[in-house]
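Since the structure comes first, as structure tokens, the remarks are kept for the end.
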Ligand SMILES: Cc1cc2nc3c(=O)[nH]c(=O)nc-3n(C[C@H](O)[C@H](O)[C@H](O)COP(=O)(O)OP(=O)(O)OC[C@H]3O[C@@H](n4cnc5c(N)ncnc54)[C@H](O)[C@@H]3O)c2cc1C
């Protein structure tokens with residue numbers, strides 16, 4: 001009987017779906033059950049703040065797995081079902097509807113949820129953005145003659161601002177810090193993004209806090225610390241996300257800024273793994289520093305690694321962190337971890353694009369960040385990512401001048 005339990009994955013997002021597929025690609029033949037509290041098949045989130053809001057035509061749900069693939073791969077997807085408790089000693093997962101499912105191994109890919117604004121009134125005009133339902137509801141309201149307020153100058157807020165402005169709405173971004181993108185993005189890149197938004201007609205207000213919000217079903221008034229009141233038709237709140245740890249906490253699994261896992265993605269309880277936005281893990285490239293990443297590539301990479309380790313590979317996570325964001329006609333990309341106080345070397349590309357190389361005290365390349373129109377910075381960021389993985393100490397003049405990064409890579413090999 002125990003031979004039929006197989007692996008249960010809780011959280012049918014990017015990471016869970018990728019792990020399920022990868023288990024089959026690795027030749028795992030026993031049952032795989034993918035449980036998600038959303039009613040849809042697993043779908044991509046990056047388009048929710050971009051294509052889904054931007055497109056004239058009603059977009060299709062950007063699915064990661066189709067019914068056909070699920071059936072071909074014999075992956076059982078239980079949608080609209082919330083996992084409520086784990087009986088770790090009995091190796092059972094209990095669903096909210098009372099069903100108990102036995103497992104051999106369990107993978108938690110429960111993701112993250114938007115941080116809520118404390119004491120905001122309940123209103124159909126105040127939005128958070130994590131799910132396709134939220135994106136479609138927001139999309140249905142955006143009109144050229146309306147005013148969209150965006151609270152938070154982070155990636156999601158800025159992407160929504162760019163999409164709403166591109167659809168003709170008047171947009172105001174409110175950021176309490178002295179600049180946008182304060183977390184993990186160097187100042188010159190934030191300045192370029194601010195200028196990009198301003199050129200496109202977005203009002204960016206930094207250094208003002210929100211003192212109060214009044215809303216009904218037609219309008220939202222945002223009261224600011226400098227005495228101004230911004231009257232908007234819609235307010236989108238993008239003030240960060242928090243890992244979904246409820247299930248793990250209830251089961252007694254160690255939590256440390258997310259579900260705490262080791263470099264093999266194992267939690268503190270045997271046979272339970274965690275991966276993606278919900279977990280924090282030690283990263284060997286950064287001296288074992290514990291990180292939690294909210295990034296699409298990380299969700300994919302960790303899903304693949306979890307699948308390997310669930311079937312005994314015992315490999316450590318080593319991928320270089322990578323993130324991108326599309327706003328108007330520009331793309332921003334970051335490989336590695338951008339820390340304040342490091343040496344930064346700038347390389348200018350054509351059309352105003354540039355890359356910043358971030359070096360540690362030994363002049364080792366630890367991160368590269370860049371911004372430019374379209375795909376201008378993509379190649380250099382990709383090569384930088386490989387240099388970071390190889391722990392290269394590049395000659396500084398090779399970074400500033402137009403030396404092809406490929407030649408540095410060849411030397412490193
Ligand atoms: C609007 C938006 C735009 C983004 N754009 C970018 C981008 O441009 N670039 C980039 O690198 N990254 C981007 N990201 C981040 C990227 O999408 C996430 O890092 C990725 O989706 C994380 O995948 P995940 O599977 O770990 O978590 P999720 O995608 O959040 O999936 C977790 C799933 O688990 C479910 N769940 C949670 N608890 C339970 C439970 N107890 N029972 C059942 N189900 C449960 C959740 O409902 C959810 O469906 C964006 C994210 C958002 C929201």
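Just for strands (runs of 3 or more DSSP E) wholly inside the stretch 268-380: which have at least 2 residues that are within 17 Å of residue 190 (Cα to Cα)? Let's see the steps before the verdict.
Details: elements: 272-274, 279-283, 289-291, 322-327, 330-336, 343-348, 354-359, 365-373.
In the stretch 268-380, 322-327, 330-336, 343-348, 354-359, 365-373 are the strands (runs of 3 or more DSSP E) which contain 2 or more residues that are within 17 Å of residue 190 (Cα to Cα).
For residue 107, the criteria (1) part of a loop (DSSP other than H, G, I, E, B); (2) within 15 Å of the ligand (Cβ to nearest atom) hold in every case but one, which is (1). Within the stretch 120-132, being within 16 Å of the ligand (Cβ to nearest atom) and modelled with pLDDT under 95 holds for no residue. On the basis of being free of Cβ contacts under 8 Å to residues at least 60 places away in the same chain and more than 16 Å from the ligand (Cβ to nearest atom), does residue 335 make the cut? Taking the combined requirement at face value, the residue does not satisfy it.
Restricting attention to the stretch 21-46, the residues that are within 11 Å of the ligand (Cβ to nearest atom) and without any contact (Cβ under 8 Å) to a residue 60 or more places away in the chain total 6.
So which of 37, 55 ends up being outside the structural domain of residue 137 (by TED's automatic domain parsing) and modelled with pLDDT under 95? Steps first, please.
On the way: 37 fails: modelled with pLDDT under 95.
Residue meeting the stated conditions: 55.
Output the number of residues of the stretch 288-306 satisfying the condition of being more than 10 Å from the ligand (Cβ to nearest atom) and in contact with a strand residue (DSSP E or B) (Cβ under 8 Å, 6 or more places away or on another chain). Even if it seems obvious, please write down each step before you answer.
If we filter the stretch 288-306 for residues that are more than 10 Å from the ligand (Cβ to nearest atom), which is where we start, we get 288-292, 301, 304-306.
With in contact with a strand residue (DSSP E or B) (Cβ under 8 Å, 6 or more places away or on another chain) added as a condition, the list becomes 288-292, 306.
Adding up the residues that qualify gives 6.
The one condition from (1) in contact with a strand residue (DSSP E or B) (Cβ under 6 Å, 6 or more places away or on another chain); (2) more than 22 Å from residue 311 (Cβ to Cβ); (3) within 11 Å of the ligand (Cβ to nearest atom) that residue 141 does not meet is (3). Is it fair to say residue 329 is surrounded by fewer than 19 Cβ atoms within 10 Å (Cβ to Cβ), more than 18 Å from residue 15 (Cβ to Cβ) and over 20 Å from the mean Cα position of the chain (by Cα)? Yes: the conditions hold for residue 329. Checked against (1) closer than 25 Å to residue 85 by Cβ; (2) in contact with a strand residue (DSSP E or B) (Cβ under 9 Å, 6 or more places away or on another chain); (3) within 9 Å of the ligand (Cβ to nearest atom), residue 50 passes all but condition (1). The single condition from (1) outside any helix (DSSP H, G or I); (2) within 13 Å of the ligand (Cβ to nearest atom); (3) under 23 Å from residue 243 (Cα atoms); (4) in contact (Cβ under 8 Å) with a residue 40 or more places away in the chain that residue 117 fails is (2).
The values are calculated or read from the model by the stated rules, or taken from the named source; none is laboratory data. Quick caveat: nothing in here was measured; it's all calculated off a predicted structure. Virtual Cβ from ideal backbone geometry, glycine too; neighbours counted across all protein chains shown.
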